[in-house]
Amino acid sequence: MARKAVRVLVPTACAVCKNRNYWLEKNVKTHPGRLELKKYCPYCRKTTEHREVK
């Protein structure tokens, strides 16, 4: 039987303009909730909050 992957790739989108800018890897066991980070958005040209999207 195959084991479930612990680390998965998740896309993040800017909270302001909703563009998907980054693909990040996260550990599902330690971070079961949605990821929220402050990252630079090239479309807004400033640092904004980026949230994990499905």
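Laid out as a table, the results:
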| quantity | calculated |
| --- | --- |
| Sites matching trypsin sites (Lys or Arg not before Pro) across region 7-52 that sit in DSSP coil, with at most 15 neighbouring C-beta atoms within 10 Å | Lys18, Lys29, Arg34, Arg45 |
| Reachable aspartates and glutamates, given that their alpha-carbon falls under 15 Å from the alpha-carbon of Lys26 and they are not under 8 places away in the same chain | Glu36, Glu52 |
| Spin-label model distance (nm) - Thr30 vs Glu49, 7 Å beyond Cα toward Cβ | 2.3 |
| Local net charge near Thr47, Cβ-Cβ under 11 Å (Lys/Arg +1, Asp/Glu -1) | +3 |
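Computed from the coordinates by the stated procedures, all read-outs in this text should not be read as laboratory data. All values derive from a computational prediction rather than experimental measurement. Quick reminder, even Gly has a Cβ in these numbers, built from the backbone with ideal geometry, and neighbours come from all protein chains shown.
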